[in-house]
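In what follows, a structure is listed as structure tokens, so that the remarks can point back to it.
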Amino acid sequence: MFEIQLIITNKYGEFLGRRVPISDDNYKKLLEMVKTFYNSGFELTLEDGSFVVFPPDLVKESFLKVKKIENNVQE
């Protein structure tokens, strides 16, 4: 297991998602899911615990980065 962090960048700035542990299998599934990122709105829990919703028109103007953090998270 390791951690990931979703990062959304758009004209309003950079939004850092909360870091979460994930297995290799779920990471692969997540990468398949984010390929449809631009098809709708998007919700994200931020590092500070706040929650943000991006409307579809803003999602289309955003970049999504899935940051893989190798830090030996315990299962």
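Coordinate-derived values only; no laboratory data. Bear in mind the structure is a predicted one, so any value in this text is a computation, not a measurement. Cβ sites come from the backbone with ideal geometry, for glycine too, and all protein chains shown count toward neighbours.
Odds and ends about this structure:
- The range 13-28 - residue that is farther than 22 Å from residue 52 by Cβ and surrounded by 12 or more Cβ atoms within 10 Å (Cβ to Cβ) and, of those, farthest from the chain's Cα centre (by Cα): 23
- Residues (touching a residue at least 24 places away in the same chain (Cβ under 8 Å), closer than 18 Å to residue 14 by Cβ and not in a strand (DSSP E or B)) located in the range 54-75: 58, 61, 62
- For the range 31-48, the candidate set comprises residues that are of a type in the set (A, V, I, L, M, F, W, C) and over 9 Å from the mean Cα position of the chain (by Cα); within that set, the residue that is nearest to residue 70 (Cα to Cα) is 31.
- Restricting attention to the range 35-69 and to residues that are among the small types (Gly, Ala, Ser) and more than 26 Å from residue 1 (Cβ to Cβ), the residue that is surrounded by the most Cβ atoms within 10 Å (Cβ to Cβ) turns out to be 62.
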